[in-house]
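Visitor: Quick one: the structure is below, questions incoming.
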Amino acid sequence: MSENAAVALPLSKQTVERIDAAVRTGRFDSREAAILEGLDALSQRDEDLEQWLHRDVIPTIEEMRKAPESSVHSGNARQLLHGHLSEQLSRRSE
């Protein structure tokens, strides 16, 4: 059986209204359930971010360190991306 503890937590009126609206719609049984789902979503987001960093970001950084000449300078990245997107859009309109 879980032990309950009372917590006084100042929340904005808008936050309380959002929580209460979620309870009123029946999506949640209580304010606590709504807050717990939010905390679970934050934990999942943190886990997903950690996985992405290890799966994609760290290997990319390691590759760039091994072959810095293959990377794109940040000043050119926006221009290259814009050109790529423009090319993709023109292909779709054909």
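Visitor: Take the Cβ-Cβ distance between residue 61 and residue 7 as r, set R0 to 41 Å, and report the resulting FRET efficiency rounded to the nearest 0.05. Don't skip to the end; give the middle numbers.
Guide: On the way: r = 41 Å, r/R0 = 0.99.
Calculated value: 0.50.
Visitor: Calculate the dipole size of the chain relative to its Cα centre from +1 charges on Lys and Arg beta carbons and -1 charges on Asp and Glu beta carbons; express the result in debye to the nearest 20.
Guide: The calculation lands at about 440 debye.
Visitor: Here are labelled values, (1) 18.6; (2) 14.2; (3) 12.9, and one is the computed Kirkwood radius over Cα pairs in Å for what I pasted. Which one?
Guide: (1)
Visitor: Using DSSP H assignments, which helices in the chain have an axial alpha-carbon span of 20 Å or above and a mean Kyte-Doolittle hydropathy of -1.0 or higher?
Guide: Values: long enough: 31-52 (32 Å, -0.80); 74-92 (28 Å, -1.06).
Passing helices, by number: 31-52.
Visitor: Once you've got the GNM for the chain with C-alpha springs shorter than 10 Å, pick whichever of 39, 53, 81 has the biggest mean-square fluctuation.
Guide: Maximum among the listed residues: 81.
Read-outs throughout are calculated quantities, based only on the coordinates presented, and are distinct from any laboratory measurement. Bear in mind the structure is a predicted one, so any value in this text is a computation, not a measurement. Backbone-built Cβ (ideal geometry, glycine too); neighbour counts: all protein chains shown.
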